[in-house]
Amino acid sequence: MDQAPGNPASHVPVAPDVRIARADFGRVSVLFGEKNGKYPDGNQVLIRGSDTRAAFDTPRVSNHIGAEFDATELVVMGHVHEDHMAALHRIARAAVHVHEADLPAIRSWDGMLAAYGLREQDAAEMHDLLQRDFFYAPRPDAQGYVDGTCWDLGQSRIRAFHLPGHTVGHCVLLVEPEGVAFTGDIDLTGFGPYYGDACSSLRDFRRSLARLPDIPAKVWVTSHHRGVYTDRDHFLRDLAAYAAKLDERERRLLAWLKDAPQTLEQLVEQRLLYPPGYESPWVRSAETRTISQHLAELMADGRVERDGDGAYRLA
């Protein structure tokens, strides 16, 4: 079922008429995906070390960059999701490094499926979607890294900061001395934080958001939508608005429970993340885990309780 890395059938030719916007910071370049990297695309970071050429993740836009991307010798993944490995098939010879907690997800479909935590009936549809839209090719050769790992590229260095929550292995990657931080899917979008996978954690996401300002960066690059920040105050304002989505979701849940006690299934139908009626292979699983984590926090705080029939109510 899985495609091998570099499968020619999945190779996407470079479109000669594609013009990719970019920003350069010394040896670091950011090449922007469609709509500033809005999902399902992303923004590609490339580092031209004097010894090694490296990339952070491989979004869909990278299928259209050409030789500058295809020369990549090292890929350091900030985390593992389908949209971040959409061009790995182009660079089968590059070494791929992933935080050890996300390693099973990149090595095989079974590992990816376990990380997603999808319902069994949705697995086949999700696999088809990944192959069709993201040129999915697992990397059984990927190597693990840990918090604080550094890669010397020659005149530039990468340093990993483990900031989990979005996935269990999610990391922010800092290029020194340029001071460019790739914040990955701490992406500051209006959608807000996503922690709907089986390996996600609302508690860890809160902690990671609090730690992010301490990383010694001068430039911040998000995977999606926002792109590049060069003004710290602007970055911190948008980070605060992004973090506030967590409390906003909590207030919505409390408002629903104020109207009437509800089961988890009834709350999922109302949709905390996605519009009511929106369907995809991951939506119900993601909504269930997201709402469950907020309910667990509210119950621990004594603000919500569960009755004998399984319905949640205000305490």
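The values are calculated or read from the model by the stated rules, or taken from the named source; none is laboratory data. As the structure is a computational prediction, the values presented were derived from the model and not from experiment. For neighbour counting, all protein chains shown are included, and Cβ atoms are generated from backbone atoms with ideal geometry for every residue, glycine included.
Of the strands (runs of 3 or more DSSP E) entirely within the range 205-315, those holding at least 3 residues that are under 30 Å from residue 44 (Cβ atoms) occupy 219-222.
For the residues 54, 92, the requirement of being surrounded by fewer than 24 Cβ atoms within 10 Å (Cβ to Cβ), in contact (Cβ under 8 Å) with a residue 40 or more places away in the chain and either within 15 Å of residue 182 (Cα to Cα) or hydrophobic (A, V, I, L, M, F, W, C) (or both) singles out 92. When residue 193 is tested against (1) assigned to a helix (DSSP H, G or I); (2) surrounded by 17 or more Cβ atoms within 10 Å (Cβ to Cβ); (3) of a type outside the set (D, E, K, R), only condition (1) is not met.
There is at least one residue in the range 290-304 that is at pLDDT 95 or above, under 17 Å from the mean Cα position of the chain (by Cα) and crowded, with 18+ Cβ neighbours inside 10 Å.
Within the range 236-257, residues that are surrounded by 17 or more Cβ atoms within 10 Å (Cβ to Cβ) have Cβ atoms under 9 Å from residues that are of a type in the set (Val, Ile, Thr) and assigned to a helix (DSSP H, G or I) in these pairs: 249/290; 249/291; 253/291, counting only partners at least 6 apart in sequence or on another chain.
For the range 63-84, the candidate set comprises residues that are over 23 Å from residue 152 (Cα atoms) and within 18 Å of the chain's Cα centre (by Cα); within that set, the residue that is surrounded by the most Cβ atoms within 10 Å (Cβ to Cβ) is 81. Taking the condition closer than 22 Å to residue 168 by Cα and either touching a residue at least 60 places away in the same chain (Cβ under 8 Å) or of a type outside the set (Ser, Thr, Tyr) (or both), does residue 82 pass? It is true that residue 82 is closer than 22 Å to residue 168 by Cα and either touching a residue at least 60 places away in the same chain (Cβ under 8 Å) or of a type outside the set (Ser, Thr, Tyr) (or both). If residue 167 meets every condition in (1) more than 30 Å from residue 238 (Cα to Cα); (2) in contact with a His (Cβ under 6 Å, 6 or more places away or on another chain) apart from one, which number is that one? Of the numbered conditions (1) more than 30 Å from residue 238 (Cα to Cα); (2) in contact with a His (Cβ under 6 Å, 6 or more places away or on another chain), the odd one out for residue 167 is (1).
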